[in-house]
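Student: Mind having a look at this structure? Questions to follow.
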Amino acid sequence: MDMAKLIEFRVNLLKERSSLLKHSVELVRGLKEAAIAVGQEIVKMTSNANSGHLGGSLSCVDILVALYFHQLNHNPRNPSWPGRDRFVLSKGHAAPALYGTLALSGCFPREELKTFRDIDSRLQGHPDNKKTPGVEISTGSLGQGLAVAVGMALGFKLAGKNNQVYALVGDGELDEGEIWEAAMFASHHKIVNITVLVDRNHGQNDGRTEEVMSIEPLAAKWASFGWKVFEVDGHNIKNILNVLDRSMENRSKPTVIIAQTVKGKGISFVEGNDDYHAKPLPKELVAQAIAELGKR
Amino acid sequence: MKNTINSPQLMSTRDAYGQVLVEIGKEQKNIVVLNADLSQSTRTSLFAETFPERFFNAGIAEQNMMGVAAGLATTGFIPVVSTLAIFAAGRAYDQVRNTIVHSGLNVKIVATHSGITMGKDGSSHQSIEDIALMRVIPDMTVIVPADALETKKALRATIEYKGPVYIRLGRPEIPVVTDEESPFVIGKADILRKGNDLSIIACGIMVFQALKAADVLVSQGIKARVINMHTIKPLDLEILFNAAKETGAILTAEDHSIIGGLGSAVLEALACKEPRPPVYRIGVRDVFGESGEPDDLIRKYGLSWKDIVKAAKEVLSLKEG
Ligand SMILES: Cc1ncc(C[n+]2csc(CCOP(=O)(O)OP(=O)(O)O)c2C)c(N)n1
């Protein structure tokens, strides 16, 4: 499936969703192409803006694409459709990944990505729900998005609705106490319509997570907070789709998927390089980066 | 205009809140209440007993409580969140600022035990900065009801209003100084006493002290206008500018630091006004409080009607002409 078709699919989602529910080879290939395109947009956006978080945006592209191009029940032509599933980007600094995904899935024109971080732009440095179509909640101050997602899930539960809530958190972000407050709240109040994805890229601002602040044993931590835990290779789209499916079966607990990822995925000189946490590429490396991403 | 400061009716604003919350909960099924292990203190326990399915204890985790409230608001519920003011505005400041208000969400934060008059728990629990913290956030609304009656009206108005609101309540039992009939409009202050010699602009528990001071001043031939500035943000500029013009001297009174609260808001608004009246501020003078009975604290920290009378004379002496 080519990009254009994939986007068309998103737009006509409500009509056509069932035809693509199986993870066909075609679908997975289409999603990979979409992920490549979003990755390239991230490089361009951050380089254009001469700022922004490159590494942690690239590490979560495959997850975001799997969510927005397949998993989420949403309508990009009507991003505020009440029946939609919700996605919270708790690690708000990965805004470029979210904007790229939203634009390519049809929420707003791809052209607009050029305005990222500019004056008068709808695309702020960190997600702003009052400015950007498709952004559910303002984030940027780390550690807060999970609580919001839990509150959304609680709202749907109270209202007897089936909407699912997804949240993406950074592994460094897990240092924040509020994450664990929210984790406790969700299991205590038996909120099961929530899926958290941990972008386990092993890096944070000051370096490797286990050097800055140890968070292992991570799966055991979540399990001990009453969550059902899955693990997945966060760059294998087929596996991501499969784990999302499996995680939906027989829900009796809030669910977390620990996605093993690589910061700066797809660009040889950015991968695992902590210098590119909050830095764009120098202009002269952009073409090479885009070419490398194209070969993913 | 009539007020009943000699009314024997004493009630804390938090008690009134607990009662009206149940009333509103009966009328509106989309009200949900969150609390952080202080349901008795905040009087949300009444709601919890009546509507257990719409009440959520967050445990001692105020930051998460604010976030969950934000999420609930996005799904169409109206969350009312309660804890002590020191924790609502202090501990969870970033969550209130960045998640709730930045996202423009319809969350009502009702904070109890505000000010130095929360009493014996002492300065760790006495929030004398919360008005400042909340009013500095763009798009936030800040309300400080003067008594139990006004608390009930304020909560109703707050639920009808769409957007984030901070309501500041207190612990002590205080007289009812407002009346049944006068409507409560967010951002529209009330004149409780007429007078043209000076204006005393007060909020919360200090409205009672201001009225008492005005009575004493009248007996000495000084007619003070008493304004109940129940909404700190948006501030009622019309009533303020009229007071400045017509009375030419202003005294503010609040159970809050003199930095950043009602007094500061009044001064900011008057900064560019010509002629600018002299302004005196009654409040906690940039110090931490201590344990004690509210009345003793009011006396020791210069918040009593006697302090208002004294300051009124000083500000009057600065009045031009
Ligand atoms: C409360 C808060 N503290 C600090 C920051 C600054 N900051 C931005 S990104 C970041 C590191 C985040 O690490 P992680 O969650 O692992 O994200 P990733 O490495 O995937 O980009 C920090 C400290 C912030 N945005 N919010």
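Since every read-out is calculated from the coordinates, none of them should be taken as a lab result. Bear in mind that the values here come from a model prediction, so they are computed numbers and not experimental data. Every residue, glycine among them, receives a Cβ derived from its backbone with ideal geometry; neighbour counts consider all protein chains shown.
Student: With 10 angstrom as the radius, rank B:Lys26, B:Lys310 by how many other C-beta atoms surround their C-beta, starting from the fewest.
Tutor: With the fewest neighbours first, B:Lys26, B:Lys310 line up as B:Lys26, B:Lys310.
Student: For chain A, what does the helix formula give at 222 nm: sum of -39500 (n - 2.57) over DSSP H segments with n ≥ 4, over the residue count, nearest 500 deg cm²/dmol?
Tutor: -12000 deg cm²/dmol
Student: Which whole number gives the average, over all residues in B:47-60, of C-beta atoms from other chains lying within 10 Å of the residue C-beta?
Tutor: Taking all residues of B:47-60 together, the mean is 2.
Student: What size of dipole, in debye to the nearest 20, comes out for region B:190-320 about its Cα centre when the only charges are +1 on Lys and Arg C-beta atoms and -1 on Asp and Glu C-beta atoms? Kindly include the intermediate steps, with their values, before the conclusion.
Tutor: Details: 17 positive and 18 negative charges, 78 e Å.
The calculation lands at about 380 debye.
Student: A further question on this structure: DSSP beta bridges in chain B, what fraction antiparallel, as a percent rounded to 5?
Tutor: Roughly 15 percent of the DSSP beta bridges within chain B come out antiparallel.
Student: Show which aspartates and glutamates lie in cross-link reach of B:Lys310 when reach means a straight Cα distance below 15 angstrom and same-chain residues fewer than eight apart are skipped.
Tutor: Reachable aspartates and glutamates: B:Asp197, B:Asp215.
Student: Using helices alone, what [θ] at 222 nm do you get for chain B, with -39,500 (n - 2.57) per DSSP H run of 4 or more residues, divided over all residues and rounded to the nearest 500?
Tutor: Dividing the helical sum by the residues of chain B leaves -10000 deg cm²/dmol.
Student: Let me ask something else about it. Give, in whole angstrom and from largest to smallest, the semi-axes √(5λ) of the equivalent ellipsoid of the protein assembly as shown, with λ running over the eigenvalues of the Cα gyration tensor.
Tutor: On the way: eigenvalues 548, 126, 85 Å².
Working through the eigenvalues yields semi-axes of 52, 25, 21 Å.
Student: Around A:Pro254, under 9 Å between beta carbons, what's the net of Lys plus Arg minus Asp minus Glu among the other residues? Don't skip to the end; give the middle numbers.
Tutor: Values: positive: A:Lys190, A:Lys228, A:Arg251, A:Lys253; negative: none.
Net charge around A:Pro254: +4.
Student: With viscosity set to 1.002 mPa s at 20 °C, what whole-number translational diffusion coefficient in µm²/s follows for chain A from Stokes-Einstein and a Kirkwood radius over Cα pairs?
Tutor: It comes out at roughly 114 µm²/s.
Student: Let me spell out the model: positive unit charges on the Cβ of Lys and Arg, negative unit charges on the Cβ of Asp and Glu, origin at the Cα centre of region A:3-293. What dipole size does that give, in debye rounded to 20?
Tutor: The dipole magnitude comes to about 1200 debye.
Student: Just in region B:68-152: which trypsin sites (Lys or Arg not before Pro) are loop by DSSP and have at most 14 other Cβ atoms within 10 Å?
Tutor: Details: sites: B:Arg91, B:Arg97, B:Lys108, B:Lys120, B:Arg135, B:Lys152; in loops: B:Lys120.
Answer in residue order: B:Lys120.
Student: When Lys and Arg each count +1 and Asp and Glu each count -1, what net charge do the other residues less than 11 Å away from A:Leu146, Cβ to Cβ, add up to?
Tutor: -3
Student: Considering only DSSP beta bridges whose two residues both sit in the protein assembly as shown, what percent are antiparallel, to the nearest 5?
Tutor: Of those bridges, close to 15 percent are antiparallel.
Student: May I ask you to list the GluC sites (Glu not before Pro) in region B:130-216 that are in a DSSP loop and have at most 11 other Cβ atoms within 10 Å of their Cβ?
Tutor: Here the GluC sites (Glu not before Pro) that fit, given the DSSP loop and packing criteria, are B:Glu180, B:Glu181.
Student: Still on this structure, I have one more. Could you pull out every residue, at least 5 positions away or on a different chain, whose amide H is within less than 5 Å of the one on A:Ile258? Hs are placed 1.01 Å off N in the peptide plane, and Pro or chain starts have none.
Tutor: Hits under the 5 Å cutoff: A:Val198, A:Phe230, A:Glu231, A:Val232.
Student: Now a separate question. B:Ile60: net charge of surrounding residues, Cβ under 14 Å, Lys/Arg +1, Asp/Glu -1, itself excluded? Before the final figure, lay out the partial values.
Tutor: Details: positive: B:Arg91; negative: A:Glu178, A:Glu181, B:Asp37, B:Glu62.
With Lys, Arg at +1 and Asp, Glu at -1, the neighbours total -3.
Student: How large, in Å, is region B:10-175 by the Kirkwood hydrodynamic radius built from its alpha-carbon pairs?
Tutor: 15.2 Å
Student: Compute, for the protein assembly as shown, the length of the dipole vector about the Cα centre, with Cβ point charges of +1 (Lys, Arg) and -1 (Asp, Glu) only. Units Debye, rounded to 20. Write out the running numbers ahead of the final one.
Tutor: Details: 70 positive and 71 negative charges, 256 e Å.
Using Cβ point charges on Lys, Arg, Asp and Glu, the protein assembly as shown gives about 1220 debye.
Student: So, one more: Which lysines have a Cα less than 16 Å from the Cα of B:Lys273, not counting those fewer than 8 places away in the same chain?
Tutor: B:Lys245, B:Lys319
Student: Sticking with this structure for a sec: As a quick test, which of the pairs A:Lys221/A:Lys279; A:Lys91/A:Lys279; B:Lys108/B:Lys306; A:Lys238/A:Lys295; A:Lys130/B:Lys233 have an alpha carbon distance above 27 angstrom in this structure? Mind showing how you got there, number by number?
Tutor: Numbers: A:Lys221/A:Lys279 31 Å; A:Lys91/A:Lys279 16 Å; B:Lys108/B:Lys306 35 Å; A:Lys238/A:Lys295 18 Å; A:Lys130/B:Lys233 21 Å.
Beyond 27 Å: A:Lys221/A:Lys279; B:Lys108/B:Lys306.
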